[in-house]
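A.B. asks: Below you will find the structure I want to go over with you.
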Amino acid sequence: MARTVEEIEDQIDTIKATKAELAALDSVSNTAIWRLWRFITAQVINYFEVAWDKFQAVIQAIIDNNQYGTDDWWYKKMLAFQFGDLLGFINNVYQYPVIDAAKQIVKFCSITSNSGKVQIKVAASSGGQPVVLTTDQLDGLLSYCQQIRPAGIRFTVQSLAADKLKITGNIYYNAQGDIAVIKPAVFAAIGTFLSTLNTTNFNGTLFCNKLIDAVQAVPGTINNQIDLLQIAAKSGAGEYQVFASSYQPASGYFQIDPDFDLNDTLTFVSA
């Protein structure tokens, strides 16, 4: 960290006091030659120390933002993809000549690397929620990844439709409450839970206990009286997988299966 001019002058004075041959330099006049040289020297040293601090900050920023081939590097590169634009080889790096945020279609991304192989899951956005990339968009992203990938690194890129959820259960509520209010509030709580998981923790694991907590937080429901009789998920045209505690989405995000609407699969029981 750069020292102030005054701090440098004080250090010069301290060193001067240890040099007997400089004892004659004792004039307190602001016009004394030795005081002028002390000031000039301190100014020059301060200038270089400030410049060096700025230089170090720039270099550190470059290092921090360009950890080539790391998961964070891949993540930033996916979000920087511009559909419809060609990369240029500029300053020995593949990059876009012009940055156009309107063409940056990848809004959700997760990177998982292991033993030199990188798995990339991506999604575009519609209404703030993840959606699958079109075939043309995914092909463009794959070509982009081929150009920027570090040598020797294998990778896969996928953009899939949301994993479907089927939730069957009994929700117990206080009989004094208004079911016309409680029921839609429970549906909204589940929707908000999934929406938050999809957007703030893309490719995050769905934990059954956290879903139950979200429902129990709805006023009118009775704590510890929610029976999840079955919760199952599937990716694409695959079979439903029943799970008891957690599930990792193949696509990175979830959607309630419209064929199993919550209004039909959740039973509300007064107690």
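The values are calculated or read from the model by the stated rules, or taken from the named source; none is laboratory data. Keep in mind that what you see is a predicted model, and the values were worked out from it rather than measured. Here the Cβ positions follow ideal geometry from the backbone for every residue, glycine too, while neighbour counts run over all protein chains shown.
A.B. asks: Got a sec? Which of Leu165, Leu141 is buried (at least 19 other Cβ atoms within 10 Å of the Cβ), in contact (Cβ under 8 Å) with a residue 40 or more places away in the chain and assigned to a helix (DSSP H, G or I)?
C.D. replies: Values: Leu165 fails: assigned to a helix (DSSP H, G or I).
That would be Leu141, the only listed residue that is buried (at least 19 other Cβ atoms within 10 Å of the Cβ), in contact (Cβ under 8 Å) with a residue 40 or more places away in the chain and assigned to a helix (DSSP H, G or I).
A.B. asks: Next question. Out of all the residues in segment 193-225, which are more than 22 Å from Leu160 (Cβ to Cβ) and of a type in the set (S, T, N, Q)?
C.D. replies: At the first step, the residues of segment 193-225 found to be more than 22 Å from Leu160 (Cβ to Cβ) are 208-210, 212-225.
Asn209, Gln216, Thr221, Asn223, Asn224, Gln225 - these are the residues of segment 193-225 that are more than 22 Å from Leu160 (Cβ to Cβ) and of a type in the set (S, T, N, Q).
A.B. asks: Out of all the residues in segment 222-271, which are touching a residue at least 24 places away in the same chain (Cβ under 8 Å), over 25 Å from Ala123 (Cβ atoms) and among the hydrophobic types (A, V, I, L, M, F, W, C)?
C.D. replies: Ile222, Ile226, Leu228, Leu229, Ala244, Leu266, Phe268, Val269, Ala271, listed by residue number.
A.B. asks: Any chance you could count how many residues in segment 150-160 are in a loop (DSSP other than H, G, I, E, B) and surrounded by fewer than 16 Cβ atoms within 10 Å (Cβ to Cβ)?
C.D. replies: So the first thing to find is which residues in segment 150-160 are in a loop (DSSP other than H, G, I, E, B), and the list is 150-153, 159-160.
When the remaining residues are screened for being surrounded by fewer than 16 Cβ atoms within 10 Å (Cβ to Cβ), the result is 150-153.
Number of matching residues: 4.
A.B. asks: Which pairs turn up if I take residues in segment 81-107 that are under 16 Å from Gln147 (Cβ atoms) and look for partners that are of a type in the set (Val, Ile, Thr) and in a loop (DSSP other than H, G, I, E, B) with beta carbon separation below 9 Å, at least 6 apart in sequence or on another chain?
C.D. replies: Final answer for the pair search is Phe81/Ile105; Phe81/Val106; Gln82/Val98; Gln82/Ile99; Gln82/Ile105; Phe83/Ile105; Phe83/Val106; Asp85/Val98.
A.B. asks: For segment 109-150, enumerate the residues that are among the charged types (D, E, K, R) and closer than 20 Å to Asp72 by Cβ. Break it down into steps so the answer makes sense when it comes.
C.D. replies: Taking segment 109-150 and keeping what is among the charged types (D, E, K, R), we get 117, 121, 136, 139, 149.
Within segment 109-150, Lys117, Lys121, Arg149 meet the criteria.
A.B. asks: Sticking with this structure for a sec: Given the options Val181, Val186, name the one that is over 23 Å from the mean Cα position of the chain (by Cα), buried (at least 17 other Cβ atoms within 10 Å of the Cβ), assigned to a helix (DSSP H, G or I) and modelled with pLDDT of 95 or more. Reasoning before the result, please.
C.D. replies: Numbers: Val181 fails: buried (at least 17 other Cβ atoms within 10 Å of the Cβ).
Going through Val181, Val186 in turn, just one is over 23 Å from the mean Cα position of the chain (by Cα), buried (at least 17 other Cβ atoms within 10 Å of the Cβ), assigned to a helix (DSSP H, G or I) and modelled with pLDDT of 95 or more: Val186.
A.B. asks: Looking only at residues that are among the polar types (S, T, N, Q) and within 19 Å of the chain's Cα centre (by Cα) in segment 97-148, which one is nearest to Gln255 (Cα to Cα)?
C.D. replies: Start the filter on segment 97-148 by keeping residues that are among the polar types (S, T, N, Q), which leaves 104, 110, 112-115, 119, 125-126, 129, 134-135, 137, 143, 146-147.
Next, only the ones that are within 19 Å of the chain's Cα centre (by Cα) stay: 104, 110, 112-113, 119, 125-126, 129.
On the way: Gln104: 24, Ser110: 18, Thr112: 22, Ser113: 26, Gln119: 22, Ser125: 14, Ser126: 13, Gln129: 10 Å.
Top of the filtered list is Gln129.
A.B. asks: Select, from Thr70, Thr31, the only residue that is under 30 Å from Ser115 (Cβ atoms), of a type in the set (Ser, Thr, Tyr), at pLDDT below 90 and out of contact with any Pro (no Cβ under 6 Å at 6 or more places or on another chain). Outline the logic, then answer.
C.D. replies: Details: Thr31 fails: under 30 Å from Ser115 (Cβ atoms).
Exactly one of Thr70, Thr31 is under 30 Å from Ser115 (Cβ atoms), of a type in the set (Ser, Thr, Tyr), at pLDDT below 90 and out of contact with any Pro (no Cβ under 6 Å at 6 or more places or on another chain), namely Thr70.
A.B. asks: Same structure again: Could you list, in sequence order, all residues of segment 214-248 that are closer than 17 Å to Leu262 by Cβ and acidic (Asp, Glu)?
C.D. replies: The one that is closer than 17 Å to Leu262 by Cβ and acidic (Asp, Glu): Asp227.
A.B. asks: Let me ask something else. Only strands (runs of 3 or more DSSP E) wholly contained in segment 84-131 count here; list those with 2 or more residues that are under 20 Å from Leu197 (Cα atoms) and not assigned by TED's automatic domain parsing to the domain that holds Gly204. If you could, list the steps in order and put the result at the bottom.
C.D. replies: Working: elements: 88-90, 93-95, 108-114, 117-126, 129-131.
Output list reads 108-114, 117-126, 129-131.
A.B. asks: Within segment 125-138, which residues are without any contact (Cβ under 8 Å) to a residue 40 or more places away in the chain, closer than 18 Å to Thr156 by Cβ and either surrounded by 12 or more Cβ atoms within 10 Å (Cβ to Cβ) or among the small types (Gly, Ala, Ser) (or both)?
C.D. replies: Listed by number, the residues that qualify are Leu133, Leu138.
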